[in-house]
């Protein structure tokens, strides 16, 4: 309780305590108050014990004279207390101000500079005073309310341990991303919320902990011990809040890590070494994928590498069994339980035990390492020779005969295969000598040994792997040239053109498109699958339709299947009608789809979506297709996804995939796609990951990349725009069809019905001309809903999906690559929604609309033209349709095309103008079965050409008849 005078300068607090009633003791008082600046101040105090109660009286330290209350203490103590006085503090503040004015620091204000300087000064003073705790009692004064009478004084102590900050990301029950702060004190981790914080002082349970002032900015926003990301703003939160902290402090980001569970059977490795130059020592290690683990009884091991948390489930029973096998190799191992086994050299050499032990280990597929560390055993001096000859080449098998010798010592193919698979640099020969495996063998024969099956002295390969033998066969002479290579050369000979473009194709294919078609025909001859991986906009669909016409003519009894994203179904339908009008096809898609078994068995083409295949797999797997063709095959890049598993189950004679970006994120993306077209070509997923994906993506291994190219080059055709620039038009315009989801379609139909009923009645009464504004309003509302229902005033809270938003972001994320992109919309609200999505995905972009000041416009243009990382520019059609030169871009997306082609061309011509070195691709995003599609049809029906277009919208309205309006709102 408080007693005595209640003035702000001197205040006495009585705390019941036992002690000498007449004794007065000096003390130090820390005044802690969140409302004052600084939040920590130092005063003196006098402790007395009248009437048996301890009384603490505050004594302000104004100048040196104020320190007289400490006269009973040694003189050196008063000297240490001088910097605590108000006079010394004022002097320090003036010194800081003068220093700043003489040499201002960029990016920091005078006020902030002084504040930081005073905090560091006070922190240093308290550090110096901390050892005086035995001479000077410490108290703290706390503000428990806004009034001076609300101050209470407590005993306290300054802890010797410095708090160490750390942070952890968590998800709340509401799935909100939360970043919590912690302080570790003497090994104990405590939430920051357990402390009261006053600048750099943390108070908990009567103790004060001094946090280094440099740490204050890190926890400035953690007033509740945590900070949270706004919904939808997780990516900026991580980039702007989490990553900067992680650069200086431990941040547990486990919830952001990709989780991967490893459950494979381990590889047992034996490491050999010499102990005290007298013993041969064997130590066991367990290799789970890329991880080497020592002996441990724990059933699960945890490892974190880059952005992945690995949970390794150990095969405990297998490890115990294998360890028992190794222990049984010698009687002296039975009692050795130190995690390793050892044997005197004499015992290891007795009756060739070492050679026999080595054979037993390798027979059990246990790799042996460390022979280069053995000095007691001798090396074989002969250079090894591997003789490889082709034994058999057929449509279903490729067989090689292999012989390996070290002088007169011959080893089996199985031995060298295991040694190469385990990357062993040595092996033990039958005479007890150590044979060195040449380093170049690991590169030259690595894939052969990994992909081949050993049968005695023969290595059997899939015919798909014939490219791996080319160098060996070429070195052996032309007589041993692969039959596959010979057939390819014959089919590709200039004088031999067995694949003319079918007469039924209504298009003039460019040279590179003819080459693509002929390449697919070549794959058909060889019975191989393939991936057409041309750049966006080079006509993969046209090349494939030409090939489909060819195989329909060649195999008249077969039915073929095309699987594509929903948004491309109508593009396929349109392209087939345009380029192959005689090719029969059926679209099987949508909620009202009807399966007719007899119809499907007719020779034709079935077009469907990935989602439909997944949902109706029972139907699809009941049919045997000639070809299954996957468009945008990167959809199946995840081998474990349900979609990938569904398309893999489709029965087909052969398969083709199309993708401008078969590798989007990393090399692993390629595996499922190539495994779909040619099963077994790249081995199993774990083999491909360890052999190619990780070395290429994480270590930048160019030799592995070259090996992979060598393996797949016959089965993949990729041309970029730059490679075939001469064969391209300067500008290519493409319609990008989009299909609204159910919820978006419901909003569209509801609004369309409202306007249609009212409009038709008004037109019937007053004619079209008198209702032009109302017609325009209705068409505008429908166009906004095609973009996103939220753009319509009554639907702002509607959470229906927006197909154009999804498709545009997919295009930007997946297909732009190194290209620069312009995105135009007539509606700034739509640009705002796109901007929000871009921010949430941490994609850099620039933005320009009518509100952008003139001076800023040119700055934005310069940044887009010059800054490499700025690849996307969002522009409102009216603000950016003229007056801008943006030749850095070669892709243009018109989110909401309208009736005025002239305005569209102006937008496209922001990039397609003098100075443009690249070919330009312009995409018009059109919602299927909407007013947008009807406007396209109406323009064609009325033969409206650019010269006849009236740029004002009311001009277009005047050209509409009552039937036209009924058609638009039908």
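In the range 849-870, which residue that is touching a helix residue (DSSP H, G or I) at 6+ places or on another chain (Cβ under 6 Å) and surrounded by 10 or more Cβ atoms within 10 Å (Cβ to Cβ) is nearest to residue 839 (Cα to Cα)?
870
For residue 122, state whether it is within 30 Å of residue 249 (Cα to Cα), crowded, with 17+ Cβ neighbours inside 10 Å and in contact (Cβ under 8 Å) with a residue 12 or more places away in the chain.
In short, yes.
Given the residues 136, 169, 164, which is the only one that is within 23 Å of residue 58 (Cβ to Cβ) and surrounded by 13 or more Cβ atoms within 10 Å (Cβ to Cβ)?
136
For the structure I just gave you, tell me whether residue 509 is closer than 25 Å to residue 714 by Cα, in contact with a strand residue (DSSP E or B) (Cβ under 9 Å, 6 or more places away or on another chain) and in the same structural domain as residue 610 (by TED's automatic domain parsing).
Considered against the rule, which asks whether it is closer than 25 Å to residue 714 by Cα, in contact with a strand residue (DSSP E or B) (Cβ under 9 Å, 6 or more places away or on another chain) and in the same structural domain as residue 610 (by TED's automatic domain parsing), residue 509 comes out as no.
Would you please list the contacts, defined by Cβ atoms under 7 Å and residues six or more apart or on different chains, that run from a residue in the range 918-935 that is modelled with pLDDT of 85 or more to a residue that is in a loop (DSSP other than H, G, I, E, B) and crowded, with 20+ Cβ neighbours inside 10 Å?
924/897; 925/895; 926/897; 927/740; 928/739; 932/897
If you scan the range 61-85, which residues turn out to be surrounded by 15 or more Cβ atoms within 10 Å (Cβ to Cβ) and in contact with a helix residue (DSSP H, G or I) (Cβ under 8 Å, 6 or more places away or on another chain)?
61, 67, 70, 77, 78, 80, 81, 83, 84, 85
I'd like to know if the range 541-555 contains one or more residues that are more than 22 Å from residue 716 (Cα to Cα), assigned by TED's automatic domain parsing to the domain that holds residue 674 and in contact with a strand residue (DSSP E or B) (Cβ under 7 Å, 6 or more places away or on another chain).
Within the range 541-555, one or more residues are more than 22 Å from residue 716 (Cα to Cα), assigned by TED's automatic domain parsing to the domain that holds residue 674 and in contact with a strand residue (DSSP E or B) (Cβ under 7 Å, 6 or more places away or on another chain).
Identify, from the list 645, 710, the residue that is over 21 Å from the mean Cα position of the chain (by Cα) and without any contact (Cβ under 8 Å) to a residue 60 or more places away in the chain.
Sole residue among the options that is over 21 Å from the mean Cα position of the chain (by Cα) and without any contact (Cβ under 8 Å) to a residue 60 or more places away in the chain: 645.
Out of the range 397-415, which residues are touching a helix residue (DSSP H, G or I) at 6+ places or on another chain (Cβ under 8 Å) and part of a loop (DSSP other than H, G, I, E, B)?
Selection gives 397 alone.
Can you tell me which residue in the range 760-792 is modelled with the lowest pLDDT, limited to those that are under 21 Å from residue 932 (Cβ atoms) and outside any helix (DSSP H, G or I)?
This residue is 768.
Looking at the range 665-681 only, could you name the residues that are under 16 Å from residue 644 (Cα atoms) and either surrounded by 15 or more Cβ atoms within 10 Å (Cβ to Cβ) or not assigned by TED's automatic domain parsing to the domain that holds residue 627 (or both)?
Within the range 665-681, 668, 669, 670, 671, 672, 673, 674, 675, 676, 677, 678 qualify.
Just checking, how many residues over the range 275-292 are crowded, with 16+ Cβ neighbours inside 10 Å, touching a residue at least 60 places away in the same chain (Cβ under 8 Å) and more than 14 Å from residue 368 (Cα to Cα)?
So the count comes out to 2.
Within the range 293-376, which strands (runs of 3 or more DSSP E) (wholly inside it) include 3 or more residues that are free of Cβ contacts under 8 Å to residues at least 40 places away in the same chain?
300-305
One line per residue, one yes/no per condition, for (1) within 27 Å of residue 837 (Cβ to Cβ); (2) at pLDDT 90 or above; (3) touching a helix residue (DSSP H, G or I) at 6+ places or on another chain (Cβ under 9 Å); (4) assigned to a loop (DSSP other than H, G, I, E, B):
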{"site": "218", "(1), (2), (3), (4)": "no, yes, yes, no"}
{"site": "224", "(1), (2), (3), (4)": "no, yes, yes, yes"}
{"site": "227", "(1), (2), (3), (4)": "yes, yes, yes, no"}
{"site": "232", "(1), (2), (3), (4)": "yes, no, yes, yes"}
{"site": "238", "(1), (2), (3), (4)": "yes, no, yes, no"}
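Is it true that some residue in the range 810-818 is in contact with a helix residue (DSSP H, G or I) (Cβ under 9 Å, 6 or more places away or on another chain), modelled with pLDDT of 75 or more and either assigned to a helix (DSSP H, G or I) or closer than 25 Å to residue 848 by Cβ (or both)?
Yes, the range 810-818 has at least one match.
In the range 885-906, which residue that is at pLDDT below 65 and in contact with a helix residue (DSSP H, G or I) (Cβ under 6 Å, 6 or more places away or on another chain) is surrounded by the most Cβ atoms within 10 Å (Cβ to Cβ)?
That would be 899.
How many residues does the range 862-883 hold that are assigned to a helix (DSSP H, G or I) and at pLDDT below 80?
4
Every residue in the range 124-171 that is modelled with pLDDT of 90 or more and touching a helix residue (DSSP H, G or I) at 6+ places or on another chain (Cβ under 6 Å), please.
Hits for the range 124-171 are 165, 167, 169.
May I ask you to say which residue of 325, 354, 341 is touching a helix residue (DSSP H, G or I) at 6+ places or on another chain (Cβ under 8 Å) and at pLDDT 90 or above?
The match here is 341.
Scan the range 493-500 and give yes if some residue there is over 19 Å from residue 715 (Cα atoms), modelled with pLDDT of 75 or more and assigned to a loop (DSSP other than H, G, I, E, B), otherwise no.
Within the range 493-500, one or more residues are over 19 Å from residue 715 (Cα atoms), modelled with pLDDT of 75 or more and assigned to a loop (DSSP other than H, G, I, E, B).
Of all residues being touching a residue at least 60 places away in the same chain (Cβ under 8 Å) and part of a loop (DSSP other than H, G, I, E, B) in the range 195-216, which is farthest from residue 306 (Cα to Cα)? Just the residue, please.
199
Listed here are the residues, each with its yes/no results for (1) modelled with pLDDT under 85; (2) closer than 28 Å to residue 531 by Cβ; (3) in a helix (DSSP H, G or I).
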| site | (1), (2), (3) |
| --- | --- |
| 695 | no, yes, yes |
| 707 | yes, yes, yes |
| 714 | yes, yes, yes |
| 733 | yes, yes, no |
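The values are calculated or read from the model by the stated rules, or taken from the named source; none is laboratory data. Predicted, not measured: the structure shown is a model, and the values here were computed from it. Note: ideal-geometry Cβ built from the backbone for every residue, glycine included; neighbour counts use all protein chains shown.
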